[in-house]
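Here the structure comes first, spelled out in structure tokens, and everything after it is commentary.
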Amino acid sequence: MKERDGWGREVSRRDFMRVCVTVSAALGLPFGMAGRIAEAAMADGRPAVIWLHFQECTGCSESLLRASHPTVATLLLEMISLDYHETLMAGAGHQAEAALHASMQGNKGKYLLVVEGAIPTRQDGIYCKVAGKTALESLQEAAAGAQAIIAIGSCASFGGIQAAAPNPTGAVGVGDIIKDKPIVNLPGCPPNPYSLLSTILYFTTFNKLPELDAKGRPLFAYGRKLHEHCERRPHFDAGRFAQAFGDEGHRQGYCLYKLGCKGPATYANCSVNRFNDIGVWPVSVGHPCIGCTEQALLFNTAIADKVQIHEPTPFDSYAPVDLKEKGKGPDPLTTGIVGLAAGTALGAGAMVARRLPVDSGTQENDHGAAD
Ligand code: SF4
């Protein structure tokens, strides 16, 4: 397989298989399933996808397309038949509308509907109109013929910033309006492009949506709190916190909890999958997580507010935080020497013990078993 993306770069078979293995691992599937995912991705009859934009910033599309390494976007766009996407399609006006309706009629009951952005409902939804129709009308019309719906981003999932108090336009997510179709929510501002790619690959491979949590999020991406895999977690456990932006703790990479990090209450895969193919995410570059995948936190909690957690201080058994400070504890060299001496003594003791006859008259052999 050698495809060219929109920038003229090739996707090699190696890159293709690497993505399939990554997706397979992210989905928690056995290793051998990467081959089945690859077959489904290359099969004829690409699924038709209609992508609607409502109240949003296009950041979800941007994060997918502006990836520094284009493999994910390229594969995604090669795997699907993207029949309507207001930002990407060359057509406009009546031509674009004709493409939308042709796809809805021609693929009735079989297409995948992707929604980006919240849907305003106040005053019959007049706050967002495309082609003379409200977002509410467009969504209901497109959802009627869809096989399944993917709400991409926090706006389409839960209303996003538009739904923050006092929510003047009555913005809501897709699931608040559409009740009779399978819907998967991929919240995030933006969500990781791999979460979208994995969801679509799962859908094309198994003809169903992946397992979801109570908020409609796929468990493969939102099953664990990002706090569990955060690289600053050892600092959290040891009680080392940045107290202010730019202070010594911040520069040393200490935990950002006291700066308002919502990681301990946020289910997402940002700390594992990361962004832009260069391994970064907000916490890795010094900004607290704002909890953008959580409906209760997103834009309803100030960035500096702390989430309530059970134990923000280390257990008594942890080493003191200032162990390295001069005059407040042993220096690393002393610790090493004492450790070496203790280890030698213990080792010698163990060897002597192995050679002493035991009371019962038996003796251990070289593998520790009694003769
Ligand atoms: Fe990482 Fe935030 Fe958890 Fe600290 S509170 S370990 S910065 S996720």
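Counting residues in segment 73-87 that are assigned to a loop (DSSP other than H, G, I, E, B) and touching a Gly at 6+ places or on another chain (Cβ under 9 Å) gives zero. Pick from segment 23-40 the residues that are of a type in the set (Gly, Ala, Ser) and surrounded by fewer than 23 Cβ atoms within 10 Å (Cβ to Cβ): which of them is farthest from Ser12 (Cα to Cα)? Restricting to residues being of a type in the set (Gly, Ala, Ser) and surrounded by fewer than 23 Cβ atoms within 10 Å (Cβ to Cβ), the top hit is Gly28.
For segment 23-48, a residue qualifies if it is touching a Gly at 6+ places or on another chain (Cβ under 9 Å) and closer than 18 Å to Glu211 by Cβ, and the qualifying residues are Ser24, Gly28.
Rundown of residues vs (1) of a type in the set (D, E, K, R); (2) surrounded by fewer than 16 Cβ atoms within 10 Å (Cβ to Cβ); (3) farther than 15 Å from Ile50 by Cβ; (4) not assigned by TED's automatic domain parsing to the domain that holds Asn185, yes/no style:
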| site | (1), (2), (3), (4) |
| --- | --- |
| Glu78 | yes, no, yes, no |
| Lys110 | yes, yes, no, no |
| Ala118 | no, no, yes, no |
| Ser138 | no, no, no, no |
| Ala144 | no, yes, no, no |
| Ala151 | no, no, no, no |
| Pro166 | no, yes, yes, no |
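The number of residues in segment 19-66 being more than 25 Å from Ala131 (Cα to Cα) and of a type in the set (Ser, Thr, Tyr) comes to 3.
Looking only at residues in segment 256-276 that are of a type in the set (Phe, Trp, Tyr) and closer than 17 Å to Gly153 by Cβ, which one is farthest from the ligand (Cβ to nearest atom)? Per the stated criteria, the residue is Phe275.
Sort out which residues of segment 275-291 are surrounded by fewer than 16 Cβ atoms within 10 Å (Cβ to Cβ), farther than 18 Å from Phe236 by Cα and not polar (S, T, N, Q), and write them in order of number. Result: Asp277, Ile278, Gly279, Val280. Inspect segment 201-209 for any residue being at pLDDT 95 or above and not aromatic (Phe, Trp, Tyr) and give the result as yes or no. For segment 201-209, residues at pLDDT 95 or above and not aromatic (Phe, Trp, Tyr): absent. For Cys155, the conditions (1) in a helix (DSSP H, G or I); (2) in contact with an Asp or Glu (Cβ under 8 Å, 6 or more places away or on another chain); (3) under 30 Å from Ala38 (Cα atoms) all hold with the exception of (3).
Scanning segment 225-234 for residues that are surrounded by fewer than 21 Cβ atoms within 10 Å (Cβ to Cβ) and part of a helix (DSSP H, G or I), we see that the one that is nearest to the ligand (Cβ to nearest atom) is Arg233. When Gly175, Gly216 are screened for being more than 20 Å from Gly263 (Cβ to Cβ), at pLDDT 95 or above and either in a loop (DSSP other than H, G, I, E, B) or not assigned by TED's automatic domain parsing to the domain that holds Met79 (or both), only Gly216 passes. Right, Ala221: crowded, with 18+ Cβ neighbours inside 10 Å, within 12 Å of the ligand (Cβ to nearest atom) and of a type in the set (A, V, I, L, M) or not? Here the answer is no, as Ala221 does not meet what is asked.
The values are calculated or read from the model by the stated rules, or taken from the named source; none is laboratory data. Every value quoted in this text rests on a predicted model; they were computed, and no experiment measured them. Counting neighbours? That spans all protein chains shown, and the Cβs are built from the backbone with ideal geometry, glycine included.
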